[in-house]
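Each remark here refers to the structure printed beneath this line.
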Amino acid sequence: LLALADDRSERAMDVVLRNQEQRIADALFNATTFTGALTGAVGTEWSTQATATPVADVKDAITAFKGNSGMLPNALVVSDEVLRNLTLCDEILDRIKYSGRDDPKSVTPAMLAALFELEQILVGSGQRNSALQGQAAVFADLWDDEYAFLCRVAKTQDLREPCIGRTFQYTGDGGLVVEQYRAEQIRSDVMRVRTDVQALVLYTACGYLLSNITA
């Protein structure tokens with residue numbers, strides 16, 4: 001019974017966290033919020049392995065980012081599909097190969113971050129089933145493969161630190177609360193997971209949206 005309760009709570013927590021991830025993805029990969037000087041389209045999609053220039057694209061975006069904010073970005077957000085395309089891109093493989101420092105047969109996010117002169121690559125891989133209950137599953141990615149997002153993420157808890165955004169928690173009893181109670185009308189135990197958080201974009205100048213990423 002304990003194992004069953006754990007399974008139920010994990011499933012419920014997965015739904016809550018997946019919804020939170022969707023809200024963050026919608027806030028960042030947003031061509032309505034990030035317009036004008038805060039966005040740019042790459043010339044060749046990063047899925048075109050032979051001729052794409054992601055290193056040059058990101059470095060151009062870093063220059064634009066600095067001009068917008070007066071700061072440097074520290075992260076690039078991509079979907080897992082875009083990450084796989086980057087690991088197969090000739091420009092990236094050649095730079096790793098001739099640097100003599102790493103093995104190009106196994107490109108990691110840390111290696112890509114070093115090439116882009118960033119602290120980290122953040123990868124979104126969540127999916128959700130968009131079909132109605134009882135129908136055949138229709139899986140959809142939470143993170144759009146058409147975008148990559150250059151940003152400055154917070155490194156401290158100081159709310160005055162310039163960053164793209166934060167997740168605010170409005171309850172004093174923790175981020176995810178798991179509750180279990182008896183419902184005699186259905187003669188069952190009910191497992192409920194709740195949270196009260198909101199993800200907010202704080203400084204749009206701390207973000208730069210790259211588009212036309214995948215063919």
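If only one of TYR203, TYR181, TYR208 is touching a residue at least 24 places away in the same chain (Cβ under 8 Å), open to solvent by 70 Å² or more (accessible area, probe 1.4 Å) and of a type outside the set (S, T, N, Q), which one is it?
On the way: TYR181 fails: touching a residue at least 24 places away in the same chain (Cβ under 8 Å); TYR208 fails: open to solvent by 70 Å² or more (accessible area, probe 1.4 Å).
Among TYR203, TYR181, TYR208, only TYR203 is touching a residue at least 24 places away in the same chain (Cβ under 8 Å), open to solvent by 70 Å² or more (accessible area, probe 1.4 Å) and of a type outside the set (S, T, N, Q).
Across region 114-139, the number of residues qualifying as loosely packed, with under 10 Cβ neighbours inside 10 Å and either in a strand (DSSP E or B) or in contact (Cβ under 8 Å) with a residue 12 or more places away in the chain (or both) comes to 1.
Residues in region 128-143: is at least one among the charged types (D, E, K, R), modelled with pLDDT of 90 or more and within 13 Å of the chain's Cα centre (by Cα)? Let's see the steps before the verdict.
Residues of region 128-143 that are among the charged types (D, E, K, R), as a first pass: 128, 141.
In the following step, the residues that additionally are modelled with pLDDT of 90 or more were identified as 141.
The next check asks that each one be within 13 Å of the chain's Cα centre (by Cα); those that pass are 141.
Looking for residues that are among the charged types (D, E, K, R), modelled with pLDDT of 90 or more and within 13 Å of the chain's Cα centre (by Cα), one finds at least one in region 128-143, hence yes.
Among the residues here, ASP158 does not qualify as open to solvent by 50 Å² or more (accessible area, probe 1.4 Å), of a type outside the set (Ser, Thr, Tyr), closer than 21 Å to VAL78 by Cα and part of a loop (DSSP other than H, G, I, E, B).
In region 190-200, of all residues being open to solvent by 50 Å² or more (accessible area, probe 1.4 Å) and touching a Phe, Trp or Tyr at 6+ places or on another chain (Cβ under 6 Å), the one that is modelled with the highest pLDDT corresponds to GLN198.
Within region 39-63, the set of residues being part of a helix (DSSP H, G or I), open to solvent by 30 Å² or more (accessible area, probe 1.4 Å) and either among the aliphatic types (A, V, I, L, M) or on the phi > 0 side of the Ramachandran plot (or both) comprises just one member, ALA56.
Among the residues of region 156-178, is there at least one that is among the charged types (D, E, K, R) and within 23 Å of THR44 (Cα to Cα)? Spell out how you get there, then give the answer.
Of all residues in region 156-178, those among the charged types (D, E, K, R) come to 158, 160-161, 166, 173.
Now narrow it down to the ones that are within 23 Å of THR44 (Cα to Cα): none.
No; the residues of region 156-178 include none that is among the charged types (D, E, K, R) and within 23 Å of THR44 (Cα to Cα).
The values are calculated or read from the model by the stated rules, or taken from the named source; none is laboratory data. Here the structure is a predicted model, which means the values were calculated and not measured. FYI the Cβ positions are ideal-geometry reconstructions off the backbone, even for glycines, and counts take in every protein chain you see. The accessibility values were calculated without ligands, DNA or RNA, using every heavy atom of the protein model including side chains. Shrake-Rupley method; radii C 1.70, N 1.55, O 1.52, S 1.80 Å.
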